[in-house]
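*Asks:* Have a look at the structure that comes next, please.
Every read-out reported here was derived from the displayed coordinates using simple, explicitly stated rules and does not represent laboratory data. It should be emphasised that the depicted structure is a prediction, and the values quoted were computed from it without experimental measurement. No Cβ is skipped: glycine too gets one built from the backbone with ideal geometry, and neighbour counts run over all protein chains shown.
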């Protein structure tokens, strides 16, 4: 584990009072993050985590009662103490601006999310892989992230609707339709684009995504 830590991992290890403090705990924590991100929770084993961390498997169970406790010790603090303010901080500049059109917001969001995913791949993989199977994490994500950002998006959407620049649909519907299109582009670009090779034209794909959304939301 010689590669540099992702920003969210550094913040969680250094700034969260519930994060591991000893060098051994930190090695277990980092090894678990790497393996959960690579293989998913179900396919990971505590013996593999222990081997990568350079500790005995029994050491893991002295610090974490079960494998799920180890997962939750990573994801829950990140969700509760870090992910919400981390995402809001990343979104702050984008959602605090005034936009003359909805496509301006879409372009800013795409740039913002690409940068975030490139810097925090492990966090993204763990959350996406485990979220469908852990209702407690789903609840935290809704309460701490979605509810916080929803009001900011609604302010922008209502302003553009009042100016006749967006279709008169519920703001949540507009957010859902936009989010799925943007997420599809960003995910493909971040994860699958290397395999696409020369067939991938990023500028074309980005513009096509934005125009697809705008045509559907035009008044």
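*Asks:* Most exposed first by the Cβ proxy, i.e. fewest other Cβ within 10 Å, how do 45, 171 rank? List each step's numbers first, then the result.
*Replies:* Values: 45 12, 171 17.
Least to most surrounded, the residues fall as 45, 171.
*Asks:* Let me ask something additional. Apply 1/(1 + (r/R0)^6) to the Cβ-Cβ distance of residue 23 and residue 138, taking R0 = 45 Å, and write down the FRET efficiency to the nearest 0.05.
*Replies:* 0.85
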